[in-house]
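Report on the following structure.
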RNA sequence: GGAGAGGUGGCCGAGUCGGCUGAAGGCGAUCGCCUGCUAAGCGAUUAAGGGGGUUUUAAGCCUCCUUCGAGGGUUCGAAUCCCUCCCUCUCCGCCA
């Protein structure tokens, strides 16, 4: 959420910033409610101060054995007035909260403007899309033929958009997870976590997954206040919810492999084939908790860490700066990594790396105490996938396919896979 | 699932016949003194959030309100009493 003080002191800057995202923020309504709120606070607090003072007098009088019944009955009435004011206040605050929680983050100044992905800006491209001297095939066909991807049986066991991996397919999935984690922990300095796969509603709310918009995407358990993890960002970012960190603790760089689940409620007809859009998918997440001064550089580094995975796998990709209209709700800057996918004849998102500034930590109440004392400050958070496993799987099958339908194993995975080529079992 | 104990500030930990306890004490931290350096020692400061005032802004200062797991209730007044919920720990049960 945005800083209330900022909404109050620089509403025009915020209005302009949100307009860049195509949002007409109800800031006038906010200002009006906020003004009313403060008026009531003043009134209520005056009465509370009076009550506190008289209550002390009652205590003194009683100790002295004097009669205080006049004061007591007067305060009884004041107490009722306070109760009424507090009720009004509560109502106003929930109205204010409704407004504030619906406001997305303000984009950083140099984020490209635009309404949709057509305005995104490619910041770098790595590798050349392979030119095939035969008819390249999509991973779902190759995978089925190789016997490593079985979508029919996945659907039988669960439903469509669930997949059974078999043999070298299952092994490739596992190899990718290991490879990602080993790279990020061994060479990029992240600490590996394995968080709960079920998360409670407070955690979901903390990272914004329960907004009207996002809610329908989530699998909810019937008998418990728990959801299936939609992205490791949720359990990982929430580990420090309501905590006071020390500046010496920062930066915190963590990575986690976790199965993720999404209902894909609004995605009917999109990416229906193959592994691109599944209800259950594996992802290795990168999350950073950092000081405000460093979050920009930290995002660049995090993005580079995710890119390194694609380079080691020698998969052609490009890095795209999302425009204001295409960025996620909480983000102030986002880079998407897009891998070349021959079946789509296009680059397809495989990672999304964002700087949330203090937008997330404010809502989650994650602060740190600066070295040398001083007021607690909100940390900044960064987050990105490093990478989505299923999409990497698909990219490897397609980019490394051979004319005979076999798939060459990328150099970097051979020791984990134990073979150089995936062939029909 | 059954029985019991408990949830207090950055951390630990006092606080039951409800009333200068927003909270003793300790640790940690910061500043100062001391010291050849370090350690030890001495002194001071140190919860957060929200209003109002002051200030050109910020900082600072003054003042008030709220907060002792969460929510409700009783009361002039609640960390202290009552209710509901959540969580943690111990024992038992079950179990990979």
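For the pair residue A:156 and residue A:128, label points projected 7 Å from Cα toward Cβ lie 4.5 nm apart.
Entry note: segment A:349-404 has Rg to Rh equal to 1.36, where both radii use alpha-carbon atoms and Rh is the Kirkwood radius. With viscosity set to 0.692 mPa s at 37 °C, what whole-number translational diffusion coefficient in µm²/s follows for segment A:30-168 from Stokes-Einstein and a Kirkwood radius over Cα pairs? It comes out at roughly 140 µm²/s. Under a Gaussian network description of chain A, with springs only between Cα atoms under 10 Å, the residue in A:328, A:154, A:70 that fluctuates furthest is A:70. Under 10 Å, Cα contacts only: if you run a Gaussian network model on chain A, which one of A:378, A:281, A:132 comes out with the highest mean-square fluctuation? Comparing A:378, A:281, A:132 in a Gaussian network model of chain A, the most mobile one is A:132. The angle separating the long axis of helix A:69-101 from the principal Cα axis of greatest extent in chain A is about 20 degrees. By how many degrees, 0 to 90 and rounded to 10, does the Cα axis of helix A:168-186 deviate from the longest principal axis of chain A? The answer is roughly 50 degrees. Please work out, to two decimal places, the log10 of the ratio I(q)/I(0) at q = 0.22, 0.29 Å⁻¹ from a Debye calculation in which every Cα of segment A:1-63 carries one identical scatterer. Evaluating at q = 0.22, 0.29 Å⁻¹ gives log10 I(q)/I(0) of -0.89, -1.15.
Relative contact order, whole percent, for segment A:124-173 stands at 26, derived from Cα pairs under 8 Å and 6 or more residues apart. Mean separation of Cα pairs under 8 Å and 6 or more residues apart, divided by the residue count, gives chain A a relative contact order of 20 percent.
In this structure, residue A:329 and residue A:73 have a Cβ-Cβ separation that, at R0 = 41 Å, corresponds to a calculated FRET efficiency of about 0.20. Axis angle, to the nearest 10 degrees, between helix A:389-399 and the longest C-alpha principal axis of chain A: 30 degrees. Anisotropy class assigned to segment A:121-267 is oblate, per the alpha carbon gyration tensor with a/c at or over the 1.5 cut-off and a/b no larger than b/c. Normalised by residue count, segment A:26-101 yields a Cα convex hull volume of 68 Å³ per residue.
Of the residues A:221, A:193, A:96, the one that moves most in a GNM of chain A with alpha-carbon contacts below 10 Å is A:221. Rounded to the nearest angstrom and listed largest first, the equivalent-ellipsoid semi-axes of segment A:310-414 from its Cα gyration tensor are 38, 16, 9. The overall shape of segment A:150-209, judged from the alpha-carbon gyration tensor, is oblate: a/c is not under 1.5, and a/b is no greater than b/c. Taking 1.002 mPa s as the viscosity and 20 °C as the temperature, the Stokes-Einstein diffusion coefficient of segment A:262-380 based on its alpha-carbon Kirkwood radius rounds to 130 µm²/s. At full extension, residue A:293 and residue A:267 could sit 5.5 nm farther apart than now, given 0.36 nm per residue minus the alpha carbon distance. Rg then Dmax, both in Å and based on the Cα atoms of segment A:117-422: 19.5, 66.
Here, each number is a calculation from the coordinates, and none is a lab measurement. Computed from a prediction, not measured in an experiment: that's the story for all the values here. Quick reminder, even Gly has a Cβ in these numbers, built from the backbone with ideal geometry, and neighbours come from all protein chains shown.
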